[in-house]
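The values are calculated or read from the model by the stated rules, or taken from the named source; none is laboratory data. Keep in mind that what you see is a predicted model, and the values were worked out from it rather than measured. A quick note on method: Cβ atoms are made from the backbone with ideal geometry, for glycine too, and the neighbour counts reach across all protein chains shown. All accessible areas refer to the heavy atoms of the entire protein, side chains included, with ligands and DNA or RNA removed. Shrake-Rupley method; radii C 1.70, N 1.55, O 1.52, S 1.80 Å.
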Amino acid sequence: MALWGGRFSGGPADSVAALSRSVDFDWRLAPYDVRVNIAHLNGLIASGVISAGNGEVIRAGLKALGVEISSGKFSYNDQDEDVHSAIERGLIEKIGPVGGSLRAGRSRNDLVVTDFKLYLIDHLLEVAAEISELISALNQQSKKHQETVAPGFTHLQHAQPIIFGHELAKHTQALLRDLDRIGDWLERNSISPLGAGAIAGSALQPTPEISASELGFTGILENSIDAVSDRDFAAEALFVLAMVGIHLSRIGEEFTIWSTSEFGWVSVADAYSTGSSIMPQKKNPDIAELARGKAGRLVGNLTGLLTTLKGLPFAYNRDLQEDKEPVFDSIETLLVILPALTGMVSTAIFHPSVIGSGVLAGHSLATEVADFLAKAGVPFAQAHEAAGECVKLCEKEGKELHQLSDSQFASVHEKLTPDIRTALTAQGAIDSRSSILGTAVSSVAEQISNLESATQEAVKWISNERHRFSGMMKP
Ligand code: ARG
């Protein structure tokens, strides 16, 4: 059923109806649409546009419809253009023509954006809850490996020894920033556009601030034209979600590499691996790869919406209907990847002896030699040169740095005394980096304990926010 037949001599051509129709995807907004309709109804009753008696009939009809929507008993049909028309049809079928009173004082332009914001508040918090599960899984693994020695890589080449828990904890840091961004989003965007009408505000809905607070919004937008045309909130959400996807892709990439026979650092549980249809021996890290691969579509969703928004004139344009599918896709993609990745991380078994075995390969203690000289007063540029010469000597002799003799060290630089040996262990290199962000065992332990507290706080915050906004979601 179309909401706009009067001035037309016939219905739209089939091809137009097919192009225009959004209900197949915007039906996801149905529960929020019912909720917003009820807040709008209360405004119309307060302003006297709808009588108290009719108001009760409409409210009861909307609530019943809400229940039927969640049970699946009521849904859209082939004729419905979008979620808003389907719900108006359902209401009129249920309570008769009085259901049509509700269209007074609002437009789909302000309705759709209000529904969409409620959807996003609800679902960003769901994504946040899933992120916090992944964070907890990473914290547990980091804690298990807060003393595991590992080679640290730059350019995927051995760089300096590190603690493996430090390596894992870096992902937690990134994911906590994602939670922070969701918090920022909520703070900035939980503001209601309802009451903007089509473009200019509404004569029949004079106190939209009341519906805004009834819906749980923290305020109301100040410009009706901005209210119906702003999709910054959707683009921002897509950025936040794409950033999460990119973090997951980096975790996926590491697990993929670490689980190769060449590395052998991690065994991924069978439940989180897949096989090959031809090679019976294969156990592939598909979860990690899908996490990596799906980041592409999350980035695509963001760039797609930004491109739609670029250069749009004035207020509502139908182009804006293109805002929803990318957001639904990004949310739904993450809600599928996150639990799988959390399961993969929490059940993974790391092998400390394999991880640590190559720690000194690739002359990874060369910085220690240079630092040793710098501490003895040698300008770092010269210390770096001398350490480089030691590496050259090692390469010539097929040795690692700790295998050079005292006289070989002395031949490179007079200040390379036998004391250098104390600096030439992986553990020594690690423990010397004991500043707050360093990889020393003590620093990593402190970092992990801070991460655990930050995670607990985040979990509490997410559950408070979900509670705070839950009133918005229920009719
Ligand atoms: N389905 C539309 C959308 O998602 C609803 C708003 C329609 N407004 C209009 N003036 N045609 O944007």
(message) So, Val36, is that one part of a helix (DSSP H, G or I) and within 15 Å of the ligand (Cβ to nearest atom) or not?
(response) yes
(request) Out of Ala429, Ala423, report the one residue that is away from the ligand (no atom under 16 Å from the Cβ), free of Cβ contacts under 8 Å to residues at least 60 places away in the same chain and of a type in the set (A, V, I, L, M, F, W, C). (result) Ala423
(request) Assess whether Ile225 counts as being within 16 Å of the ligand (Cβ to nearest atom), in a loop (DSSP other than H, G, I, E, B) and open to solvent by 60 Å² or more (accessible area, probe 1.4 Å). (result) no
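Among the listed residues Leu360, Leu305, Leu341, Leu404, identify the single one that is more than 16 Å from the ligand (Cβ to nearest atom) and either closer than 30 Å to Asp286 by Cα or of a type in the set (Ser, Thr, Tyr) (or both). It would help to see each step written out before you state the result.
On the way: Leu360 fails: either closer than 30 Å to Asp286 by Cα or of a type in the set (Ser, Thr, Tyr) (or both); Leu305 fails: more than 16 Å from the ligand (Cβ to nearest atom); Leu404 fails: either closer than 30 Å to Asp286 by Cα or of a type in the set (Ser, Thr, Tyr) (or both).
Matching residue, one of Leu360, Leu305, Leu341, Leu404: Leu341.
For a quick check of your reading: which helices (runs of 4 or more DSSP H) sit entirely within segment 365-451 and have at least 3 residues that are farther than 22 Å from Lys144 by Cβ? Lay out the reasoning, then the answer.
On the way: elements: 366-375, 380-397, 406-412, 420-423, 426-431.
Result: 366-375, 380-397, 406-412, 420-423.
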(request) Go through the residues of segment 325-336 one by one and say whether even a single one is in contact with a Leu (Cβ under 7 Å, 6 or more places away or on another chain), open to solvent by 50 Å² or more (accessible area, probe 1.4 Å), away from the ligand (no atom under 16 Å from the Cβ) and not polar (S, T, N, Q). (result) no
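Quick one: would you say Leu111 is more than 16 Å from the ligand (Cβ to nearest atom) and touching a residue at least 12 places away in the same chain (Cβ under 8 Å)?
So Leu111 fails the test.
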(request) For residues that are among the β-branched types (Val, Ile, Thr) and either more than 16 Å from the ligand (Cβ to nearest atom) or surrounded by fewer than 12 Cβ atoms within 10 Å (Cβ to Cβ) (or both), tally how many sit in segment 1-33. (result) 1
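Could we say that Ala46 is more than 33 Å from the chain's Cα centre (by Cα), more than 14 Å from Lys94 (Cα to Cα), surrounded by fewer than 17 Cβ atoms within 10 Å (Cβ to Cβ) and in contact (Cβ under 8 Å) with a residue 60 or more places away in the chain here? Outline the logic, then answer.
Details: more than 33 Å from the chain's Cα centre (by Cα): yes; more than 14 Å from Lys94 (Cα to Cα): yes; surrounded by fewer than 17 Cβ atoms within 10 Å (Cβ to Cβ): yes; in contact (Cβ under 8 Å) with a residue 60 or more places away in the chain: yes.
Taking the combined requirement at face value, the residue satisfies it.
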(request) Give segment 90-126 a look and list any residue that's basic (Lys, Arg) and either surrounded by 19 or more Cβ atoms within 10 Å (Cβ to Cβ) or not in a helix (DSSP H, G or I) (or both), or say none. (result) Arg106, Arg108, Lys117
(request) State whether one or more residues within segment 75-86 are open to solvent by 20 Å² or more (accessible area, probe 1.4 Å), at positive phi, more than 16 Å from the ligand (Cβ to nearest atom) and without any contact (Cβ under 8 Å) to a residue 24 or more places away in the chain. (result) no
(message) Among the residues that make up segment 130-152, is at least one of them in contact with an Asp or Glu (Cβ under 8 Å, 6 or more places away or on another chain), within 16 Å of the ligand (Cβ to nearest atom) and not in a helix (DSSP H, G or I)?
(response) no
